[in-house]
Structure formats: C-alpha cells, structure tokens
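Since the structure comes first, as structure tokens, the remarks are kept for the end.
The values are calculated or read from the model by the stated rules, or taken from the named source; none is laboratory data. Bear in mind the structure is a predicted one, so any value in this text is a computation, not a measurement. No Cβ is skipped: glycine too gets one built from the backbone with ideal geometry, and neighbour counts run over all protein chains shown. We work out accessible area using only protein heavy atoms, side chains counted, and drop any ligands, DNA or RNA first. Shrake-Rupley method; radii C 1.70, N 1.55, O 1.52, S 1.80 Å.
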Amino acid sequence: HLACLSSSLLNPRHQPHPAYREMMRAIDHQRDTSWECFLALIMWVFRVVLCLMRVIYETVKTAWPKVCYHRRAGARMRGRVDVLLKTWCFEPYAGLIENDFYYGNLRSMLEREGVSSLLICGDGTGVSEAKMTDALMAGKDLDAVPERLFLPLWAPLAVALDQLITSLKLWRLYFKSKGSDIAIVSQRAALDCLGPMGNFFYFYIAREAVKRYGAKAFITLYEGQPWERLAWHGAKAASASCRTVGFQHTIITPYSQGLVYPNEGSWEHPAPDIVLCLGDVTKELMESGYKDQRAAFLRFGTFRKSSGSACKPSPSRRTVLVLPEGFLEEAEVLFNFALRAATVLLDHEFIFRCHPRFSFDSARTGLIKEPEGLSNVEISRNALIQDDFNRSSIVLYRASSSALYAISSGLKPVYVHGNDYPYVDPLFKLSCWRESVQTLEEFIVVASQYATQSEEYASQCWQPAAEYIDSYRAPVSRDSVRKFVQEARINQI
C-alpha cells in the first residue's frame, strides 16, 4: 500500500539516535500491553475522524486554484514537455527560470541542449501556498506551475481510503503477532499512516503531470524523504518508460539512512533510475549501498553559487556566523548556544542567519533571551549568504550544507554536538580544519585560540579542507547536463 511509503516511521530518512532506541526498548519492556492497546485504539479513532476532516479541507484547498485560474492553468498545462522538475519555492517567487532555489538555471541549460522543461512548484515555507499560487499564476513564467493544479479533486478521498485500509491491515498484523517486535511496529504504523496527506499527494501529482505532458524524465530532489518515492511511483504509473531522477543536491550525514541504504527486495521503487550527485564524495558514499539497484550515478554538481574563487581564512575578523538547517528545533539549539557564547566572548561578533524556510521571528519564541539586548549579536538581513561569509571567520553549524560553502570562503567550521540530538555533521568525513564542541567552555577555547592565529598558519591548515570541499561539490557544467540528457535518453526518438 502506498500509505506505507508516506509514513516516516516505516520509511525513516535518518537512523534513530542510539539513546532513543535504548529508551524505546526500556519503555516497551515495562509497559502494560492491554492498557497500551486500549489507548492506541482510542487514538486511532481520533485519527480516523481527523483523516475524514482532512478530506473536506484538502478537497476545498485543491478546488480553489482550479476554479480561480481555470483559463490560465489551461494555457500552461498543455503541449509536450521533455523534463519535469519538482521544486520548492520561497519568496520572492519571480525569476524561477534563472534563479530556482534548487535547480538554478538548469532549465536554460536544458533548453540549449534542445530539451524542454517545466517546474512543478510546491510551497517551501509550508504556510504560503495560496500566496505562492497567486504569484506564479500572475507572473510571466509560463513554465512554472503550482503543484496543486495537478492534483485531482478526488485524490484526498482516495488517499483517505488507502490510509484507512492500510491502517486496518496493520491492526490485523498487530493482533496476529501480539507480544512480538512486529506488533510494536505495526501498532505505531497503524497510527502513523493516518497522518497528513501531503506526502501521499505526490503520487497523483507526478502521475497526472507525466500523463499530461508525456514527459520523458521526472526529476525530484533526493534527500531520502517519503514523498520522493511516491512521486517516482506516480511517474512510473503514468509511463513505465519515464525516467525517474533524484537530484542529490545537499549533504550526506552519518544518519542519512534513506540515501545511503535503500530498501532491497521490496515491491517499491527504493531508488530512482538516475541519481545526480553533488560531487565525487557523495557519489562514492552512495554507490556502495546500491549494489543490487540499477540506478545510474552521475557526478552532476550544484547550482549554489560560491564566491567564484576561494577566500583564505581571516582569524582576526573574530566574527561567528551561526547557520542552522531549515528546522526550528535546530535553529533554537544553535541560536541559544550562540547567545550564551556572546555573553562571554565580548570581543567576537555573532551573526544569526536563518534558513529561507522560516524567518527569525519564527525562532524567537524558543530563545533564552532577546538577541537585540546584546551589542555583539546581529540578525542578518543580507539576501546573499556570501555577504555574510565575507565578513566572518567562524561558522557555527549542525546539519546545514552551507558549511561546505563557508569553508570555501575561508571560514573555520565548528560543529555543535550534544547527547540530546543525533550526530548529523555533513563534514563527518573531513579529518582536518573543522572542530567539534559539546560545551560552551570548549567553544570559547576554540574561538579564542583561533582568533590569535596568523593568516599564514590558518591558510596552511585550511588548504586540505578546501581541496576536500572541491571534490565534494562542483558547479554544474554543460558537460554534466549533456551526460544527464544522454543517460535519460531524452533526445532519442
């Protein structure tokens, strides 16, 4: 059942932290199974009611853009397109042809190879879908379509039925295997698969889009997310010859289970037909786990802009750039750590820069104090991250792929580790230059010692790290685009 693919519990993106697994084993050993089952059934009934309410909500949400933009949508959703690219949009929504957040100018590069393409756009913020739809449909870019327009009106009801049937079968498995580890998993999965429908919708969106345009290739981002597999299934359901493509555009961490170890011997599509890798390092990390898969791995590159030439370290700047990934929990961890450091390291400046997914005001409520109350803390308003790189000496990070680009700009990476959250350092293979700290005292020592180093000595220590980053990712070239077109057999009649 496709509902199983939409469940993060059954298709985890990352391995669970060892401490979490130990905690779950202890809880399951001590629990009263009868009482646990009763509570789970009560929760199941509640989720079934929520699921039915979502059918109404999602149906109305799907109908709105179809009614409001019927004529404009008809003009954009006809003809044939060779390549479909599923992307996430962030404000501002204009200029997607040359400045898509993930695919950059790939559409222009494909056009030079005689390949037509179209962006299927989702709301990357999670709260501005209506605003994004209005902006895209009012704009002049005729090759960018909001994803909701491809979703059939009956899809929410079909998803709810599949979720309910799958959940009942999981309950049946629970009662048949009661007392075993399978029962524990099936009980939780019976609840989890009745969750939000967003992941599931991508099966229908991809199927409808590939059918409508006769696409030869369907590209998604490749991060190990559940929705990616559902989109590949949808594309194959529309046309078995359509090549599914995963753009591994970001970093791989020690816990990237969904990327490095795909499911083997399963009925699902555990991997796309083609994987476009960020660079040689990620290609090597992934290939070893796909021995029984027929996926083709290409060193493709990245569209993210760098400074153009490497900038050497400048320890005397005494400025710490704080870079969280696009999750509020991580932003709160890093910003609070930096706020405590800023009260001690008065000779250092701290720049807080949020991921485009959310604004700083969203993270403010979880902070231990207001950053405006500290004279050496600044909230970045720069549109380009390179502007912040150019005035910083240290980057404080956890899972952010921007740490790679920070190194290319001469910054010293300092990873914040803790026992309460998993180890997600994207630079875990780098054996030099980076530092890992767990306490405030450790960071103060690292920052203070680095500030007194000469630029010459820092550059010597930095050079091997810069070479590693060059092998980790490189700019997308015309040659890499041509190799993709050839591998996907797009220009073949």
Handout entry: Debye, to nearest 20: dipole size of segment 373-493, +1 on Lys, Arg Cβ, -1 on Asp, Glu Cβ
Key = 640 debye
Completion exercise
Here the net charge surrounding residue 444, from other residues whose Cβ is less than 14 Å away from its Cβ (Lys, Arg +1; Asp, Glu -1), is -2
Handout entry: Proportion of all alpha-carbon pairs of segment 409-452 beyond 15 Å (%)
Key = 46 percent
Problem - Radius of gyration and Dmax over the Cα atoms of segment 371-423, both given in Å - result: 12.7, 34
Handout entry: Largest-first principal axis extents, alpha carbons of segment 324-444, Å
Key = 37, 32, 31
Problem - Enclosed volume per residue, in Å³, of the convex hull spanned by Cα atoms of the chain - result: 156 Å³
Exercise for the section: Taking the dipole about the Cα centre of the chain, with the C-beta of Lys and Arg at +1 and of Asp and Glu at -1, give me whichever of 152, 136, 164 is farthest to the positive side. Expected result: 152
Practice task
Would you kindly compute the Cα radius of gyration of segment 181-233 and its largest Cα-Cα separation (Dmax), both in Å?
Solution key: 14.4, 45
Handout entry: Inter-label distance, nm, simple model (7 Å from Cα along the C-beta direction), residue 108/residue 364
Key = 3.7 nm
Practice task
Give me the accessible area per residue for segment 143-282, probe 1.4 Å, as a whole number in Å².
Solution key: 33 Å²
Practice task
Could you provide, to the nearest whole Å², the per residue accessible area of segment 301-397 with probe 1.4 Å?
Solution key: 45 Å²
Completion exercise
Of all C-alpha pairs within segment 405-493, those more than 23 angstrom apart amount in percent to 44 percent
Practice task
Quick one: net charge around residue 159, please, counting Lys, Arg +1 and Asp, Glu -1 for every other residue with C-beta under 10 Å from its C-beta.
Solution key: -1
Exercise for the section: Could you name the lysines whose alpha carbon sits less than 28 Å from that of residue 66, not counting residues in the same chain fewer than 8 places away? Expected result: 86, 131, 140, 211, 216, 236
Problem - Spacing of the two label points (7 Å from each Cα toward its C-beta) at residue 78 and residue 60, in nm - result: 3.2 nm
Handout entry: Mean separation of Cα contacts under 8 Å, 6 or more apart, over the residue count of the chain: relative contact order %
Key = 15 percent
Exercise for the section: Can you send over the carbon and sulfur percentage of the accessible area for the chain, probe radius 1.4 Å, protein chains only? Expected result: 54 percent
Completion exercise
Measuring from its Cα centre, the chain shows a charge dipole (+1 at each Lys and Arg Cβ, -1 at each Asp and Glu Cβ) which, in debye to the nearest 20, is 1860 debye
Fill in the blank from the handout: Given 4 °C, 1.567 mPa s and a Kirkwood radius over Cα pairs, the Stokes-Einstein diffusion coefficient of segment 160-279 in µm²/s is 82 µm²/s
Handout entry: Charge tally in the Cβ shell below 11 Å around residue 125, where Lys, Arg are +1 and Asp, Glu are -1, residue 125 excluded
Key = -1
Handout entry: For segment 131-196, alpha-carbon Rg over 2.2 N^0.38 Å
Key = 1.78
Problem - Over segment 208-266, relative contact order from alpha-carbon pairs under 8 Å, at least 6 apart, % - result: 39 percent
Fill in the blank from the handout: Projected convex hull area of segment 33-182, Cα atoms, direction-averaged, in nm², equals 12.1 nm²
Handout entry: 140, 369, ranked by accessible area, largest first (probe 1.4 Å)
Key = 140, 369
